[in-house]
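Below is one structure; the comments refer to it alone.
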Amino acid sequence: MNYSTVLFYIFALITIGSAVYLVTTKNIMYSAVALFISLFSIAVLYILLRADFIAITQIMVYVGGILILLLFGIMLTRKVTEVDITSNALNVIPSVIFAVGITAILIVIMLTTKWNIRAPLNNEVTVNQIGKMMLTGYLLPFEIASIVLLVALIGSAMYARKSKQ
Amino acid sequence: MEIGLQHYLIISAILFGIGLFALISRKNAILILMGIELILNAANINLVAFSHFGGIGIDGQMITIFVIILAVSEAAIALAIVLNLYNHFSTVNVDEANTMKD
Amino acid sequence: MDNTLHYLPLVILLIPMFSFLLLAFFGNQLPRKGDFIAVTLLFINLALSLFVMFVFAQTGKYSFTVDWFDLGKGNTSFTAGFVIDELSAIMLIVVNAISAFVHLFSVKYMEGDAKYKKYYSYLGLFTFSMLGLVLTNNILLMYVFWELVGVSSYLLIGFWYEKPAPQEAAKKAFIVNRIGDVGFFIGIMIIFLTLGTFNFTDIFAGVAAGQLQGGMLTAAGILLFCGAIGKSAQFPLHVWLPDAMEGPTPVSALIHAATMVAAGVYLTARIFVMLSADALTFVTFIGAITAFISATIAITQNDIKKVLAYSTISQLGYMIMAIGVGAMSFGMFHLVTHAFFKACLFLTAGSVIYGMHHIQDIREMGGLRKKMPVTYYTFLMATLALCGIPLTSGFLSKDSILAATLAFAHINGGITYIIPVLGFLVAGLTAFYMFRLLILTFLGEPKNMEKYDHCRESPFQMTIPLIVLSVLSFFAFFSFNPFSADSGWIMQMMKTPESLLTGTRGIIYHIVDREEYTELLHHAHYPAMFLSLGVAGLGILTAFVFYFWKKVNVDSLTEKIKPIYNFSLNKWYFDEFYSATFIAFTMGISRLSAWIDNKIVDGAVNGAATVTSWTSTASGKFDNIVVDGLVNLSGGLVGFFGLVFRKFQTGKIQTYILFLVFGIIVLYFLFR
């Protein structure tokens, strides 16, 4: 038994468990906390996969940005009486079935496909590589992504402001 | 047992399913956004796992970065929309915002 | 010169047609409704026909034919045309003269009538038809004009159609004529089928060549004669002529004394040469029987026109009988003389009726001699002619006929002696009833003083025709020998032709050749003359005894022989007999047809309508229940499915994502 194996299993379980908790709880705040935990666990999984930059990015962006944003959203859109009913009679059972079905299908696909497995990466830091690729091979997506961010920034700012009228 | 590619893939699949379930069965718009985030994260796990175990080198992680960027921008705008929705209908339950329905 | 003169008969034919058309279309715009134009045209026509006669006397017989129509298939083309020979030339003069005088007479007689213009146009039409009949040389064309004459007489008899009696009389005349015409047409068809032509000359040539003989020839002859029976009012189709007296008196003079009824005699004279011995026997007996029956009826009649009508029938019988015994020329001669004196008699009767303000019953008249002298003397002259008194034309013709019957009886013997017996008997009866008429009308004391006082002589337009016609009844016009006509111009011109069947024998008849016949005639001539004079004198004497000197009480005599008297007065009950048999039969058939039409045909139509209405009701129900049900069902189904499937459109994106996922799963399974 490796450390990594044990760690993997622990954090995998945390991820999935918190995700499950997220979708079943009635309280939105609890769901937000569960999301937080889930995202953190995923970051740990990234580290186990030797993707350090990605892990840090994940924590900084997702947890520090999106999650905060979602929390703000929850706070701003709360009603005095929080009533969040999970049981949507029409949708629960079919959606469970379908979600399970999709999952099953995906798992089956993944298990039955012959993956082209190579040796894992060496343990060097990935920041360099990412930086290098960003400005050479992935230059265009980089630029476009920056434009997209700009647009999103302007748009959301404008949109959110407009709603104040 | 050695942790292989398939383990990560299974994890991501399960996460995807959970995210989908959140997406399609919750009434609160914020929760739906959370479901979307879960799905995106599942895809990210997939990509990083491929980058580690498969033969695609660093490309997997590059794509992951871009996915994160896009997820951010999408979440920002989505939240703006949800705020608008809340101001208009004074509720974020998606099935109560139904003035287009007969 | 020749050719233009040959067109004259055509002109003569067309002038009355022109008069008819002119008056029919423009009569109302002309002054006095155009009657003077009609009168003038007819007198012009008379002059032209005299001219034609003159030309004929110079040049002899001529004819003029054109191609008429063609039935295709080789040599079946027909010609039409006219022929001027002795028969037609004489008839032209007779028809035009009587028609012209009647036109003149009617100016006063029909004065003030509401349909004055129509009257004159109908007269023109009639004259045209009659002229066409005598001019044509084609038996089919003669049939056409025959029918036209019938139509004209229908129009003229029923002229006062507002009253029921003229309507009935006109119908009766036309229908009875039609019955005769059926036989005529069958005869024409027999001739056509065997000889293939309608032209008289060709027909006679064919018969002479023996193409038509034996029973068929006799049948053809008798059938053609049937037309004459109808048109000339012979027994048994004589019943229409007395009823035809419902028409105006000038019409009776024109049609029923002189011209139309003479058409039958003319036809018989035309076909004389092809009549076989048995056909001639038939003709003779019909003529004799007719003469006898009508003479017996005439002696009891009380209407002035009815007496004259029966007298006409009787004299027509004489003419037919004459042709039958082989003396065709005497028959035609009697036709000519009869035309003039009978027209004169009718016109004088018209004058009397006009003067007495339309009374026709002779029991109301009397003593008119003093009031209407011209009328009286002309009537007397014509009556003398009719009775066959010497120095009249009638004497010449009637006498010749009686001589011919004696010759006929000599040749054939046996039962044929009844013919001269009947002939002389009828002569006596004729004298009796004519003088009875004269005495009761003109002599003696007036019976109706009121009418008598108002009576005056007729105006000159009426008396001039009377005078002219009575003068024509004098012997001198026809022969310079008052006792025999043989040397006269008319008998010189009109010789009886040699029959095509000379020498043949029938059941009782032997056709002898002309030489032998003329011999016998000479022998019989003087005996016949004395006998006829005696018989006529007896008749006149009896009339005077009964009515003038009143030696015998007529009324008590009538009582004693009441049944016979009634039989005569009621016209031998012919009308009643016909009514009970033929008419009842026909009415029965028509009632049966009407019943069939109403019940069966209408029933079928109604039944079809009922079936249609059932079908349409059923179809309607089917349409309502089944078809509409189907439509409603499909609508309901669509609505139901719509409601069901509408649930899919929740408007929620989550539902759509659900379906999307579901679709992916399905696709996976589809393509694995």
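Using 7 Å Cα-to-Cβ label points, what is the residue B:59/residue C:606 separation (nm, one decimal)?
10.0 nm
What's the center-to-center distance, using Cα atoms, between the stretch C:512-575 and the stretch C:576-654 in Å?
About 79 Å separates the Cα centre of the stretch C:512-575 from the one of the stretch C:576-654.
What shape does chain A have by the C-alpha gyration tensor, where a ≥ b ≥ c are the square roots of the eigenvalues, rounded means a/c under 1.5, and otherwise prolate means a/b greater than b/c and oblate the rest?
oblate
Based on the alpha carbon coordinates of the stretch C:86-146, what radius of gyration and maximum Cα-Cα distance (Dmax) apply, in Å?
Over the stretch C:86-146's Cα set, Rg and Dmax evaluate to 13.7, 41 Å.
How far, in nm, would the chain grow between residue C:590 and residue C:648 when pulled straight, counting 0.36 nm per residue and subtracting the alpha carbon separation? Please report the intermediate quantities before stating the final value.
Values: separation 58, 0.36 × 58 = 20.88 nm, distance 8.30 nm.
Here the segment from residue C:590 to residue C:648 would lengthen by 12.6 nm.
Rounded to whole Å, give me the distance from the Cα center of the stretch C:396-419 to that of the stretch C:170-190.
With the stretch C:396-419 and the stretch C:170-190 each reduced to a Cα centre, they are spaced 30 Å.
Pick out, in residue order, every one of the chymotrypsin sites (Phe, Trp or Tyr not before Pro) in the stretch C:527-604 that is DSSP loop and has at most 14 other C-beta atoms within 10 Å; say none if there are none.
C:549
If you wrap chain C's Cα atoms in a convex hull and average its projection over all directions, what's the area in nm²?
54.3 nm²
With each label point set 7 Å from Cα along the Cα-Cβ vector, what nm distance links residue C:533 and residue C:115?
It is 5.0 nm.
Scanning chain B for helices, which whole DSSP H stretches are 15 Å or more long along the axis (Cα) and average 1.6 or more by Kyte-Doolittle? Walk me through the numbers before you get to the answer.
Details: long enough: B:5-25 (30 Å, 1.92); B:29-53 (36 Å, 1.68); B:59-89 (44 Å, 1.53).
Passing helices, by number: B:5-25, B:29-53.
With a ≥ b ≥ c the root eigenvalues of the C-alpha gyration tensor of the stretch C:276-340, is it rounded (a/c under 1.5), prolate (a/b larger than b/c) or oblate?
oblate
For a quick check: sort B:48, C:512, C:661 by the number of other beta carbons within 10 angstrom, fewest at the front. Don't skip to the answer; put the middle values down first.
Values: B:48 26, C:512 19, C:661 23.
Going from sparsest to densest Cβ surroundings: C:512, C:661, B:48.
If you take the Cα Rg of the stretch B:16-102 and divide it by 2.2 N^0.38 Å, with N the number of residues, what do you get?
The stretch B:16-102 yields a ratio of 1.36.
Using alpha carbons only, how many degrees (0 to 90, rounded to 10) separate the axis of helix C:328-355 from the longest principal axis of chain C?
80 degrees
By how many nm would the segment from residue C:457 to residue C:40 grow when fully extended, if each residue of separation counts as 0.36 nm and the alpha-carbon distance is taken off?
Result for the pair: 147.6 nm of gain on full extension.
When the Cα centres of the stretch C:267-303 and the stretch C:17-70 are compared, how far apart do they sit, in Å?
Centre-to-centre (Cα) distance: 32 Å.
With a 10 Å Cβ neighbour count serving as the proxy for reagent exposure, in which order, fewest first, do C:621, A:114 appear?
Going from least to most buried by this count: A:114, C:621.
Which angle between 0 and 90 degrees, to the nearest 10, do you get for helix C:584-595 versus the longest principal axis of chain C when only C-alpha atoms count?
10 degrees
Work through the residues other than residue C:181 whose Cβ is under 11 Å from its Cβ and net out their charges, Lys, Arg +1 and Asp, Glu -1.
Around residue C:181, the charge tally is +1.
On a 0 to 90 degree scale, rounded to 10, what angle separates helix C:514-543 from the longest Cα axis of chain C?
Orientation of helix C:514-543: about 80 degrees from the principal axis.
Only residues of the stretch C:581-603 count here: report those whose backbone N is under 19 Å from the spot 7 Å along Cα→Cβ of residue C:182, or say none.
In the stretch C:581-603, the label zone of residue C:182 (backbone N under 19 Å from the point 7 Å along Cα→Cβ) covers C:581-594.
Would you calculate the separation in nanometres between label points at residue C:151 and residue C:61, each defined as 7 Å from the Cα along the Cα-to-beta-carbon direction?
So the label points at residue C:151 and residue C:61 sit 3.1 nm apart.
Which percent of the Cα-Cα distances in the protein assembly as shown go past 47 Å?
Here the tail beyond 47 Å accounts for 53 percent of pairs.
Dipole size in debye (nearest 20) for the protein assembly as shown around its Cα centre, Lys and Arg Cβ +1, Asp and Glu Cβ -1?
Rounded to the nearest 20 debye, it is 2000 debye.
Using 0.36 nm times the number of residues separating residue C:559 and residue C:508, minus their current alpha carbon distance, what extension gain do you get?
Fully extending the segment from residue C:559 to residue C:508 adds 14.2 nm.
Where in chain C is the longest stretch that carries no GluC sites (Glu not before Pro) classed as loop by DSSP and with at most 15 other Cβ atoms within 10 Å? Can you show the working numbers first?
Details: sites that count: C:111, C:162, C:498.
Maximal segment without exposed cleavage sites: C:163-497.
Just list whichever of C:115/C:171; C:305/C:560; C:306/C:447; C:447/C:550; C:117/C:571; A:26/C:647 have alpha carbons separated by over 24 Å in the model shown.
C:305/C:560; C:117/C:571; A:26/C:647
Please label the shape of the stretch A:3-87 as rounded, prolate or oblate, based on the square roots a ≥ b ≥ c of the eigenvalues of the alpha-carbon gyration tensor (a/c under 1.5 means rounded; beyond that, a/b larger than b/c means prolate, else oblate).
Here the stretch A:3-87 falls in the oblate category.
For C:368, C:469, A:139, which order do you get if you count the other beta carbons within 10 Å of each Cβ and list the fewest first?
A:139, C:368, C:469
Counting each DSSP H run of 4 or more residues in chain C as -39500 (n - 2.57), what helix-only mean residue ellipticity at 222 nm follows after dividing by all residues, to the nearest 500 deg cm²/dmol?
-23000 deg cm²/dmol
So if R0 is 25 Å, what FRET efficiency would residue A:124 and residue B:2 give, r being the distance between their Cβ atoms, rounded to the nearest 0.05?
With R0 = 25 Å, the Cβ-Cβ based efficiency is 0.70.
Where a number appears in this text, it was derived from the coordinates with a stated rule and is not lab data. Nothing here was measured: the structure is a model prediction, and the numbers come from that model. Reconstructed Cβ throughout: ideal geometry from the backbone, glycine too, with neighbour counts over all protein chains shown.
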